[in-house]
Structures are given as structure tokens and as C-alpha cells.
Amino acid sequence: MSTVKFIRLWYIKASFLLIACIACIAAIVPGKPKNKPVAKTHSVWRDYGGGPDQSKYVDFTQITKQNINQLRIEYVYPSGDKTEAYKFNPIIVDGIMYVLAKNNSLVALDAATGKEIWIHTNLRGITQRGINFWESKDGKQKRLLTCFGNSLQAIDANTGKSILTFGNNGSVDLKQGLDRDTSDFSRAMPTSPGKIFENLLILGSFPGEALFSGPGHVRAFDVITGKQVWIFHTIPFPGEPGYETWPKDNYKFAGGCNAWGDISIDVKRGIAFFPLGAPTYDYDGSDRAGQNLYGDCILALNARTGKYIWHFQTVHHDLWDYDMTAAPQLVTINHNGKRVDVVAGASKGGYLYVLDRVTGKPIWPIPETPVPQSDMPNEHTWPTQPIPTVIPPFTKHIALPSDLNPYFTPEEKAIWGPRLAAAKSAPFQPLSDQYETVSIPGAFGGANFENTASNPDKGLVYVLFANEPCIYKLKKIDHTQTRGGGGGGGQALAMAAAGRTAYTQYCQSCHGEDHGGIPGNGASLLNLNARIPAADFKNILTNGRGRMPAQPHLDDATITAIYTYLAPPAARGGGGGRGRGGVIAETIPVGPVVASGPAPMKPSGFGGMRDYPAGYTGVRAEYTEANGNGYGIDADHLLSPPWAGLACYDLNKGIMKWTVGHGNDPKVGVEGLGFPGGASNKGMIVTPTGIIFATSRDGHIYGYDADNGKVIWNYDLQRSNPNGVPAMFEKNGRQYLVVCASTPIRDKAKGEDSAPKGYLVFSLPPTAKKGSK
């Protein structure tokens with residue numbers, strides 16, 4: 001072969017090899033869609049919580065510390081309801097903002113002007129906190145995925161109409177596919193919208209927290225077909241890792257261990273991080289001896305397959321309802337001279353757990369620490385709990401008489417001083433029927449859903465927290481009331497009796513012994529039958545409304561019993577003009593309505609397991625807590641401030657950089673103490689210009705200096721409790737802040753019309769100076 005022919009042949013082979021290599025590289029590294037550029041993770045607010053990582057960080061620089069005081073309302077999109085209080089986190093995609101308003105309708109708006117594009121009305125029962133957005137790579141198909149009770153559905157984001165090719169005639173029954181008899185439980189619904197990853201919707205659930213609530217297995221569904229793609233059993237089945245941490249066959253009736261909070265996703269690695277709740281029943285674990293995996297865990301799964309990667313359990317054998325619910329924060333830190341990707345989980349128990357994102361190993365020691373043990377019969381508490389040593393807690397963990405609120409009146413001190421002195425209080429102090437236990441931060445304290453944010457690249461994590469002590473004392477369960485019996489009128493009487501017991505325990509402290517309400521605390525429940533049908537009552541207790549928080553510990557049977565007690569069948573009449581069967585008659589709002597009501601779905605009635613399975617011979621849970629989760633005379637003010645706060649952690653150094661009180665209580669008149677409950681279920685936005693925006697239950701939105709926690713701006717919304725995570729977006733070169741404020745007016749003397757109600761959209765005047773970061 002001549003030299004020329006050899007060179008020519010070599011050149012041809014090399015060319016083919018180069019082409020093949022380019023093809024292989026293209027197959028390994030995903031390219032950008034041809035028709036639509038890929039948006040940066042933090043440059044859009046297209047997810048509940050901002051983005052898949054739930055950092056609530058936005059890479060916008062127009063609003064700075066220097067010009068923040070020039071922020072003013074650009075426009076208000078009115079919620080359009082006199083009584084409804086929304087807690088929705090708007091999402092904004094391609095200049096269109098999607099909100100919940102006007103008789104529980106999904107509304108698409110021009111984000112910069114508030115002009116309505118379409119309205120899909122009468123979606124009562126929709127997941128209240130937010131919605132999921134998905135689009136195809138070419139940007140032509142756009143879907144909104146959400147749940148209605150136990151039904152998962154899809155809505156065309158372009159047209160606003162239900163997609164009837166999704167699932168079965170537009171609906172997926174979430175009670176199916178849980179690998180358990182559906183008659184065993186009645187709730188598989190979520191309260192948070194879940195997370196989109198590629199062509200999957202990853203979803204948690206909210207089965208309740210009572211004895212015999214449903215299982216909290218996490219799942220993924222195909223966004224096009226609605227088909228269930230994978231499931232992970234958070235209460236392990238025989239042969240699965242973790243099964244040995246429960247008594248034999250507990251998976252057949254045990255409940256909870258559910259992701260009812262905020263899921264985070266590492267898109268680059270394809271890892272989904274779930275903050276999992278406690279196993280049920282919350283306060284008596286005698287029928288579930290063991291560590292009870294995967295209760296109270298940060299759980300890492302392969303987002304595509306649901307395969308287990310790692311877990312870290314923050315509470316073994318939980319008896320305090322110390323769920324993990326806040327979004328795990330995915331940040332990168334400088335540690336031992338290296339850049340390390342970590343996940344930081346803030347708990348209702350008041351601790352921050354910092355773990356290697358890939359392995360789940362603690363970055364700093366989290367030793368198993370001996371804790372007090374239970375004196376209750378048949379209760380086998382775990383001897384140790386994992387307590388971080390380097391990262392300081394963000395709440396108190398003990399309540400002594402010297403910690404009593406110094407702003408109490410002499411009368412209040414006379415009541416609570418002796419009560420605190422007689423109670424037991426220590427980290428992870430078990431509950432007893434012989435004395436009161438003061439649990440701090442309490443089941444409604446610590447960090448809850450929507451309460452975490454971060455500056456991911458700088459290793460800074462922000463936690464909104466509450467110190468809300470719960471005062472517990474156990475009592476025997478009256479099974480003659482909770483498990484019913486008999487039929488006809490006898491069954492109704494038994495249910496009403498159970499409802500009276502549950503009302504006294506859970507509702508009376510806010511709504512009064514006579515059901516007439518307590519001013520400033522709870523609304524009147526008189527004539528309930530004429531105002532609220534059973535389905536709405538269930539929705540309010542499940543999801544919360546206005547100042548009324550969600551009641552995750554109440555199962556469907558308890559809710560039904562309370563409603564039967566407050567609105568007995570004989571008093572309900574024909575439904576009070578709300579339509580046959582107590583259903584609210586449709587009201588169509590004014591505007592570009594394109595559809596009304598969700599897609600057809602199976603009725604989701606009350607019911608579920610009422611007793612242990614036939615043939616069960618194990619230990620039974622026999623106790624419940626007697627004090628209604630500690631709600632008594634100013635129990636959320638019980639200890640010295642702060643009652644709510646905002647903490648900043650610098651995880652590069654392993655320190656709490658600063659902490660400040662969040663909100664102000666006008667009854668005390670001293671600023672900086674925090675508003676009681678003011679951090680509960682509130683959201684933040686973090687900007688690269690050193691600002692943290694955060695809502696508070698005191699009716700304000702605050703702008704904090706991220707360097708030191710000082711308030712540099714605040715706006716009085718004039719409403720009692722702004723709900724929902726605020727959102728931020730850019731359009732036409734301007735930066736906008738969106739706050740949902742649809743709760744009742746705070747100052748009743750001013751009247752409802754004295755302050756805007758709905759979605760308040762803030763921006764800088766077009767002439768405002770940008771300033772420096």
C-alpha cells in the first residue's frame with residue numbers, strides 16, 4: 001500500500017472515529033432543547049418554593065438594601081372571596097402567573113399587569129399550598145398537576161381545561177397503588193403539591209396522625225399518563241430494610257411516616273430528599289416497639305426509580321410529633337479545605353442536621369445521646385436520640401419555672417408558675433399519665449413546612465422557627481366512643497358522644513365551651529349546619545383556613561364525629577340552600593372562565609380502619625394526650641421570648657451566624673420578641689443583594705439584612721395572618737415581589753375594605769436607582 005493511500009485510509013477512519021466519539025458524548029451529556037433554552041435554576045419561580053431545590057433563592061439584583069424602601073404596590077389581584085383565606089404560593093412561567101382565588105379557582109394572569117388570561121373555577125378541595133408545572137422540551141405542552149382530595153389531576157396550562165386523557169377520564173385515585181387494602185384508610189391526599197422531576201411528579205401524602213391512619217408511602221407518577229411509576233414503602237414490608245425496626249406485621253396497620261412537608265430535589269444527581277413525619281399514633285407507641293424506620297427521617301431516593309440511597313433518622317420511636325416537614329436545604333460548603341455538597345434538615349424538634357448529600361453521613365458529630373425513659377406500661381422508648389454537637393439548636397429544649405414569660409400578668413404567673421414547677425421538662429422527655437410534660441419547642445414549634453431557605457453556593461441556611469410549648473398528660477382512650485358500635489340512632493349517638501369528647505380536647509380552647517367562639521382566638525361554630533357542609537368542614541380541618549391551622553392529628557373518623565356533634569343530622573335540614581346533600585352550589589366568577597369543576601373522580605368518603613386487624617395479639621396503644629396539644633391560657637406565650645425567630649447558619653464555619661425575633665406582639669409592646677406562632681408555616685425569599693423577605697403571623701412582611709438579621713424594611717399588610725410562601729419574578733427588566741394576603745382584616749374597627757385583599761404585587765418605581773449589592 002502506498003503512503004498516500006495509507007494516509008487517506010487513516011484519515012477516513014479517524015474521521016468516522018471522531019464522529020462516533022461526538023455522537024457518544026452527545027448521548028451522555030443532555031443538550032439544550034432546540035426550540036426552548038433551559039432556564040437557570042434560580043432565575044425563575046416555576047415551582048412551589050421557587051425551584052426544585054426549595055432554596056427560595058432568586059438570582060435577581062434590582063432590589064437592593066439601598067432601594068428596598070422604595071418598594072410599593074404595583075397592583076393587587078383581588079382574591080374575590082369574603083370568607084376564603086388562601087395560602088397559595090404563586091408560580092410564574094413565561095410571564096404568566098398562576099394563583100388560587102375566586103371560589104377556589106385556578107387563575108392565569110399576566111404577571112406584570114394582573115390581567116386575567118383564563119379562570120378554571122370551582123376547584124374546591126384542591127391542594128391549598130401550591131401547584132406543579134411541567135412542560136415538554138419543545139415548550140408546546142404545558143401542564144399544571146394538582147390534587148383534589150384523594151384524586152390527582154392535570155390541567156392544560158395553555159387553555160386552563162382539565163386533561164381527560166390523564167389517568168382514568170382525567171383522574172388518578174391516590175388510594176390505589178399503596179399495596180394495602182383501601183378500606184383500611186380513607187386519606188391518601190397530599191397537603192403540599194410535590195415536585196416535578198423530568199417527566200415524573202414525586203408526591204407525598206397526608207393520611208392523618210391518629211391511631212390507624214393510613215401509610216405514608218412516597219410515590220412518583222407519569223405526568224402524561226398518570227400511571228404510578230414507583231413506590232417506596234416508608235413503613236417497610238417483610239424483607240425490606242428497616243422491617244426489623246417494627247414489631248412483626250405492623251406494616252399491615254401502622255400509619256404515618258409520610259412526606260406531608262416540602263420535598264427537595266438535586267436535579268444534577270437525580271436525588272429526591274424527603275422530610276418524613278412521625279409514625280402514628282403520635283403519643284403512644286406501645287404497639288410499635290422499635291426505632292420505627294422511616295419515621296422522622298431525611299430520606300434520599302433515586303428520583304427516577306424510587307430506589308433507596310440513604311436515610312438519617314432524627315428521632316427514634318417518636319412520641320412528640322417531631323416530624324421532619326421543612327424543605328431539606330441543598331447547599332455547598334467549604335469544609336476541611338474542600339467544597340462539599342450537603343443537605344441540611346431543620347426539624348420540628350429544633351435541631352439542624354447537616355449531612356453529606358451523597359452518603360448521608362454527618363458533617364459534624366451527631367452522637368446518640370442518652371435521654372429520659374418512659375414510665376408508662378408497655379411503652380419502650382428508645383434509650384438514645386441523635387443530638388447535634390457542633391451546630392447549635394435554634395429553639396429552647398427545656399422549660400423551667402425561671403423560664404416563665406416575664407410579661408405575664410400576676411394572675412397568669414400565679415396559674416402557670418406552680419404548673420411549670422410540677423411538670424417535667426427535658427429534651428425528649430416522655431409523656432405520662434401521672435404528671436404533665438412540657439415539651440419545647442412543641443409539636444407546633446421548631447421549624448415547620450415552608451420554614452427553611454438558603455443561599456446555596458455560599459453555604460448559608462435560614463430557618464424560621466417557633467418556641468411553642470406543648471403541655472401533655474396522657475389519659476386512657478375511651479374505645480366505646482372512638483370505635484362506635486350498634487347501628488341506626490345508637491351509632492349516631494355514639495358518634496356525637498365521641499365528637500363531644502374530641503371537641504373538648506381539640507377545639508374548645510379556641511371556640512369556647514358553648515361553641516360561640518373566643519374573640520381574637522376562634523370563630524363561632526354556632527349554626528354550623530347552615531353555613532358549612534360536611535365536605536367543607538373536613539377540608540378546613542385538614543388544610544386549615546385563615547388563622548385556623550391545619551389539624552394533621554385528626555383522622556376522618558374524628559372529624560366526622562366533631563361535625564356530627566356540632567351539626568347533628570336532625571338539625572341539618574335540606575342543606576340551607578347549598579344544594580342537595582349539603583354541597584355548595586356553583587358560583588361562576590366574572591372573567592374569562594374556561595372550565596368549572598375538576599375532572600370526574602371517585603367519591604372520597606370518611607371511614608377506614610377502626611381497630612386492630614382480626615387475630616392481632618400484640619400490645620395495643622391505649623393512651624391519648626389529654627390537653628389538646630397544650631393549647632391553654634396563653635400557652636404559646638408560656639416561656640420567655642423569643643416566641644418566634646429567624647436564624648442564619650453559616651455552614652462553612654459550622655456556626656449560627658445570628659438569630660433575631662420574628663414579628664412583634666402588640667399586646668406586649670416590646671419589639672424584637674417575635675410574634676407567638678409568627679414563624680409557623682411562613683415563607684422566605686433570599687436574594688443575592690443580601691436581603692431576606694419573610695412573612696409573619698403578625699400581619700407584616702419583613703425585609704431582613706442577610707448580614708446581621710436587622711429589619712431594613714417592613715410592610716403592614718393589615719391582615720391577621722398572611723399565608724403562603726411569597727414569590728419573586730422578573731418581567732420586562734423589572735423585579736416583582738408577590739405576597740398572598742387574603743386573611744381577615746387585623747383591626748376589626750377599620751372594616752374589611754380598608755386594606756387590599758388578595759395577591760399584592762410589589763415593585764420598585766421605574767425610575768428607582770438600582771444601588772449596589
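The values are calculated or read from the model by the stated rules, or taken from the named source; none is laboratory data. Because the structure is a prediction, the values reported are computed rather than measured. Heads up, the Cβs are rebuilt from the backbone with ideal geometry, glycines too, and the neighbour counts pull from every protein chain shown. All accessible areas refer to the heavy atoms of the entire protein, side chains included, with ligands and DNA or RNA removed. Shrake-Rupley method; radii C 1.70, N 1.55, O 1.52, S 1.80 Å.
Out of all the residues in segment 288-320, which are among the charged types (D, E, K, R) and open to solvent by 10 Å² or more (accessible area, probe 1.4 Å)?
Within segment 288-320, Arg304, Lys307 qualify.
Scan (1) open to solvent by 10 Å² or more (accessible area, probe 1.4 Å); (2) out of contact with any helix residue (DSSP H, G or I) (no Cβ under 7 Å at 6 or more places or on another chain); (3) not β-branched (Val, Ile, Thr) for the single condition Ser640 breaks and write down its number.
All conditions pass for Ser640, except number (2).
Just one of (1) at pLDDT below 95; (2) open to solvent by 40 Å² or more (accessible area, probe 1.4 Å); (3) in contact with a strand residue (DSSP E or B) (Cβ under 6 Å, 6 or more places away or on another chain) trips up Ser439, so point out which.
Going through the list (1) at pLDDT below 95; (2) open to solvent by 40 Å² or more (accessible area, probe 1.4 Å); (3) in contact with a strand residue (DSSP E or B) (Cβ under 6 Å, 6 or more places away or on another chain), Ser439 breaks only (2).
Report every pair of residues separated by at least 6 positions or lying on different chains whose Cβ atoms are under 8 Å apart, first residue within segment 304-318 and under 17 Å from Pro362 (Cα atoms), second in a loop (DSSP other than H, G, I, E, B) and open to solvent by 60 Å² or more (accessible area, probe 1.4 Å).
Trp310/Thr359; His316/Trp382
Consider Val343 carefully, then state whether it is in contact with a Phe, Trp or Tyr (Cβ under 9 Å, 6 or more places away or on another chain) and surrounded by fewer than 17 Cβ atoms within 10 Å (Cβ to Cβ).
The answer is no for Val343.
Just for segment 158-173: of the residues that are in contact with a Gly (Cβ under 8 Å, 6 or more places away or on another chain) and part of a loop (DSSP other than H, G, I, E, B), which one is farthest from Glu116 (Cα to Cα)?
Among those that are in contact with a Gly (Cβ under 8 Å, 6 or more places away or on another chain) and part of a loop (DSSP other than H, G, I, E, B), it is Gly167.
Which residue, of Gln54, Gln70, is of a type outside the set (Ser, Thr, Tyr), at pLDDT 95 or above, buried (at least 20 other Cβ atoms within 10 Å of the Cβ) and touching a Pro at 6+ places or on another chain (Cβ under 8 Å)?
Gln54
Residues checked against (1) crowded, with 20+ Cβ neighbours inside 10 Å; (2) of a type in the set (Lys, Arg); (3) part of a strand (DSSP E or B); (4) over 28 Å from the mean Cα position of the chain (by Cα):
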site	(1), (2), (3), (4)
Pro392	no, no, no, no
Tyr407	no, no, no, yes
Lys413	no, yes, no, yes
Ala443	yes, no, no, no
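In the list Gln176, Gln153, which residue meets the criterion of being in a loop (DSSP other than H, G, I, E, B) and either modelled with pLDDT of 95 or more or within 25 Å of the chain's Cα centre (by Cα) (or both)?
Gln176
Every residue, every condition in (1) open to solvent by 40 Å² or more (accessible area, probe 1.4 Å); (2) closer than 20 Å to Met97 by Cα; (3) in contact with a Cys (Cβ under 9 Å, 6 or more places away or on another chain), yes or no:
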site: Ile712; (1), (2), (3): yes, no, no
site: Lys731; (1), (2), (3): yes, yes, no
site: Ser742; (1), (2), (3): no, yes, no
site: Glu752; (1), (2), (3): yes, no, no
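Which one of these is surrounded by fewer than 23 Cβ atoms within 10 Å (Cβ to Cβ) and free of Cβ contacts under 8 Å to residues at least 60 places away in the same chain: Gly239, Gly226, Gly270?
Result: Gly239 is the single residue among Gly239, Gly226, Gly270 that is surrounded by fewer than 23 Cβ atoms within 10 Å (Cβ to Cβ) and free of Cβ contacts under 8 Å to residues at least 60 places away in the same chain.
Let me confirm something: among Thr245, Thr165, which residue is at pLDDT 95 or above, under 23 Å from Gly261 (Cβ atoms) and β-branched (Val, Ile, Thr)?
Exactly one residue qualifies, and that residue is Thr245.
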